[in-house]
Amino acid sequence: MRGGDVKVTLEELVENFNTTPFLFVGSGMSRRYLNLPDWKGLLKHFVDVIGKDEFAYNAFENKAKALECKAGIMPKIAELIQHEYDEKWFADPSIRTVEEAGLQEIQNGVSPFKAEIAEFIRKNCLVQGAYKDELDELRFLSEKSISGVITTNYDKLLENVFSGYSTYIGQSELIFSALQGVAEIYKIHGDIDKPNSIVINEEDYSEFDSKSAYLAAKLLTIFMEYPIIFMGYSISDANIIKIIRSIVQCLNDEQLKMLEDRFIFVEYKENFVGAEITPYVIMAGDKPLSMKRVTLSDFMQLYKALENKRAKLPVKILRRFKQEIYDYTLTSVPTGHLRVAALDDKRVGDEELVLSIGKMSDFGLKGLSGLKPNEWYRSIILDDLDVAADDLLEYAFPSVIKQNSGRLPLNKYLSKATRVFKNCEELAKKLDFDHIISNSIKKNRQCLGEYTSVIQIWNQEKSSLERATRLISHLTEDQIDVNELEKVLLEIFTNDVNVLETASSGTRTNIRRLIMFYDYLKWGK
């Protein structure tokens, strides 16, 4: 900083955050990590498609300057290009690049220009190897160091990096959804999966501006509760200043002062050494808004600093907490992930409300001893228990094995376990393919006739589940393709998730045997 001010490091800046931040991400991030063009470059590409003249874009720009630009010059240019592009697209099939889904969108009334923009972005998202480390670091930060993301970008970069975050597309979804304010991505200018949501021309921006008050109301809580880091924007970006202005107009001077240390504008400067933090003031209407400007070239410096601000729980889990409690408040109905003690339970005082939220279905750790063998078998295929492998092997195995005559598929859970379970490992070694099948199967393989594969039997015999599963059980180990077997078992459980309870005794035995095969062939060998 200058003028005698005390210099602040990125680490100190982040340390002063009251909580983990929200990112406000612009097109500069997509240019950096996906090599996508900026707004002008995107429009120039579509101008080149409909006219090869090197001054074609300049002609649109010149025309726009002579017209009233209600939302600014760029949306007006986009409007003019869209009008000519759509006409050309309908008249000249040679310029069409959209796939079947895009053609259907256009048949339903979407502008060819927007459908083709979505297709262009989808096909040109190339992750830049030079920045792989930065993206990996950002992916790491997404677990506990970033609360959520707001973006005007259309591409899928953020969904790929912030895996497991809930995404809301366009103003309508934001305005009419119950946001939890954590582990969420708000795509306020649309998304390539919904071309009609893309905000790019003058009409789009006018409509966006007309609803800005509603959007501001939704985002106001986030701006007041979280530090906001603007990345990939010019500090003078008119669209961002509009959004900030609509929010700032709702705040008094005291609240504006609170934002001063929590509004961070990251300004990229090529070949800049280190990171410089300086104060910066923008005018949001008639109100000055102070913020910190971070000038840098290497984003890894910022990401490493953000490592020091971590939530105690992964933000995706925090969102689950908030969503489950919100849903219970509205419906009074516990969900599969939330348990509520009966309100007339004498053990619960009037001042207490006991909630249990987790990923353990109906089971506490000790309660896993109540797990049924059929649930164990089914989870080998559907992975639907949401219980750690270590907990299954420690708490559920002793009880389930007793109910299952000393035979149980174990290899999947052993492969995922982080601890050693000697009893389970010894049993799994004994239960190789030869020990899974019975002597009667070994003696009666002539029943297969001409059948030599899982998929061959299934395609011909699946009308009788008992016969199909019995015949597959008679195949030799080298005749069973584990991928084919997986598809068959998934189809069986898709048709009836409770098949191990509802099928005949013989069919249930056959299916359990096939699951043993699958577990051994996929994870045991």
The one condition in (1) part of a helix (DSSP H, G or I); (2) closer than 24 Å to Glu15 by Cβ; (3) touching a helix residue (DSSP H, G or I) at 6+ places or on another chain (Cβ under 6 Å) that Gly181 fails to fulfil: (1)
Breaking point among (1) touching a residue at least 40 places away in the same chain (Cβ under 8 Å); (2) surrounded by fewer than 19 Cβ atoms within 10 Å (Cβ to Cβ); (3) out of contact with any Asp or Glu (no Cβ under 9 Å at 6 or more places or on another chain); (4) not acidic (Asp, Glu), for Asn495: (1)
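For the stretch 200-227, which positions are outside any helix (DSSP H, G or I) and buried (at least 22 other Cβ atoms within 10 Å of the Cβ)?
Of the stretch 200-227, the ones outside any helix (DSSP H, G or I) are 200-201, 211, 226-227.
Correct list: Ile200, Asn201, Pro227.
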Leu23 being of a type in the set (A, V, I, L, M), within 30 Å of Val315 (Cα to Cα) and loosely packed, with under 13 Cβ neighbours inside 10 Å: no
Long-range neighbours under 7 Å by Cβ, at least six apart or interchain, first residue farther than 14 Å from Tyr395 by Cβ within the stretch 416-432, second among the charged types (D, E, K, R) and surrounded by fewer than 17 Cβ atoms within 10 Å (Cβ to Cβ): Thr418/Asp390; Leu431/Arg407
Count of the stretch 235-260 residues which are surrounded by fewer than 17 Cβ atoms within 10 Å (Cβ to Cβ) and of a type in the set (S, T, N, Q): 4
Odd one out for Ile317 among (1) within 28 Å of Tyr165 (Cβ to Cβ); (2) in contact with a helix residue (DSSP H, G or I) (Cβ under 9 Å, 6 or more places away or on another chain); (3) of a type in the set (Val, Ile, Thr): (2)
Neighbours by Cβ (under 7 Å, 6+ apart or cross-chain): first from the stretch 77-88, closer than 9 Å to Phe60 by Cα and free of Cβ contacts under 8 Å to residues at least 24 places away in the same chain; second surrounded by fewer than 22 Cβ atoms within 10 Å (Cβ to Cβ) and among the charged types (D, E, K, R): Leu80/Lys63
Selection from the stretch 42-96 of residues that are under 30 Å from Lys242 (Cβ atoms), assigned to a helix (DSSP H, G or I) and among the basic types (Lys, Arg): Lys44, Lys63, Lys65, Lys76
Residue tally, condition within 38 Å of the chain's Cα centre (by Cα) and either assigned by TED's automatic domain parsing to the domain that holds Asp384 or surrounded by 18 or more Cβ atoms within 10 Å (Cβ to Cβ) (or both), over the stretch 500-509: 3
Enumeration of residues in the stretch 489-507 that are more than 18 Å from Asp384 (Cβ to Cβ) and in a helix (DSSP H, G or I): Ser505, Gly506, Thr507
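Conditions tested, residue by residue: (1) of a type in the set (A, V, I, L, M); (2) in a loop (DSSP other than H, G, I, E, B); (3) over 14 Å from the mean Cα position of the chain (by Cα).
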{"site": "Glu137", "(1), (2), (3)": "no, no, yes"}
{"site": "Asn160", "(1), (2), (3)": "no, no, no"}
{"site": "Tyr168", "(1), (2), (3)": "no, no, no"}
{"site": "Leu174", "(1), (2), (3)": "yes, no, yes"}
{"site": "Ile185", "(1), (2), (3)": "yes, no, no"}
Index of the failed condition, Val25 passing every other in (1) within 30 Å of Ser145 (Cβ to Cβ); (2) out of contact with any helix residue (DSSP H, G or I) (no Cβ under 7 Å at 6 or more places or on another chain): (2)
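Going by the conditions given, is Thr452 of a type in the set (Ser, Thr, Tyr), part of a loop (DSSP other than H, G, I, E, B) and surrounded by fewer than 18 Cβ atoms within 10 Å (Cβ to Cβ)? Spell out the reasoning first.
Numbers: of a type in the set (Ser, Thr, Tyr): yes; part of a loop (DSSP other than H, G, I, E, B): yes; surrounded by fewer than 18 Cβ atoms within 10 Å (Cβ to Cβ): yes.
For Thr452, the condition - of a type in the set (Ser, Thr, Tyr), part of a loop (DSSP other than H, G, I, E, B) and surrounded by fewer than 18 Cβ atoms within 10 Å (Cβ to Cβ) - is met.
Can you name the residue in the stretch 463-489 that is over 19 Å from Gly524 (Cβ atoms) and free of Cβ contacts under 8 Å to residues at least 24 places away in the same chain and is also surrounded by the most Cβ atoms within 10 Å (Cβ to Cβ) among such residues?
Taking the stretch 463-489 first, the residues over 19 Å from Gly524 (Cβ atoms) are 463-471, 474, 487.
Keeping just the survivors that are free of Cβ contacts under 8 Å to residues at least 24 places away in the same chain gives 463-464, 467-468.
Details: Ser463: 7, Ser464: 11, Arg467: 17, Ala468: 22.
So the residue we want is Ala468.
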Residues satisfying the stated conditions in the stretch 239-261, i.e. more than 19 Å from Val294 (Cα to Cα) and within 29 Å of the chain's Cα centre (by Cα): Asn239, Lys242, Ile243, Ser246, Ile247
Unmet criterion (only one of (1) at pLDDT below 95; (2) surrounded by fewer than 20 Cβ atoms within 10 Å (Cβ to Cβ)) for Leu174: (2)
Tally of residues being of a type in the set (Gly, Ala, Ser), assigned by TED's automatic domain parsing to the domain that holds Asn196 and in contact with an Asp or Glu (Cβ under 8 Å, 6 or more places away or on another chain) across the stretch 110-152: 2
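Conditions (1) in contact with a strand residue (DSSP E or B) (Cβ under 8 Å, 6 or more places away or on another chain); (2) at pLDDT 85 or above; (3) at positive phi, marked per residue:
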{"residue": "Asp204", "(1), (2), (3)": "no, yes, no"}
{"residue": "Glu207", "(1), (2), (3)": "no, yes, no"}
{"residue": "Ile222", "(1), (2), (3)": "yes, yes, no"}
{"residue": "Glu225", "(1), (2), (3)": "no, yes, no"}
{"residue": "Gln255", "(1), (2), (3)": "no, no, no"}
{"residue": "Met258", "(1), (2), (3)": "no, no, no"}
{"residue": "Phe265", "(1), (2), (3)": "yes, yes, no"}
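The values are calculated or read from the model by the stated rules, or taken from the named source; none is laboratory data. Just so it is clear, the model here is predicted, and its values are computed rather than measured. Counting neighbours? That spans all protein chains shown, and the Cβs are built from the backbone with ideal geometry, glycine included.
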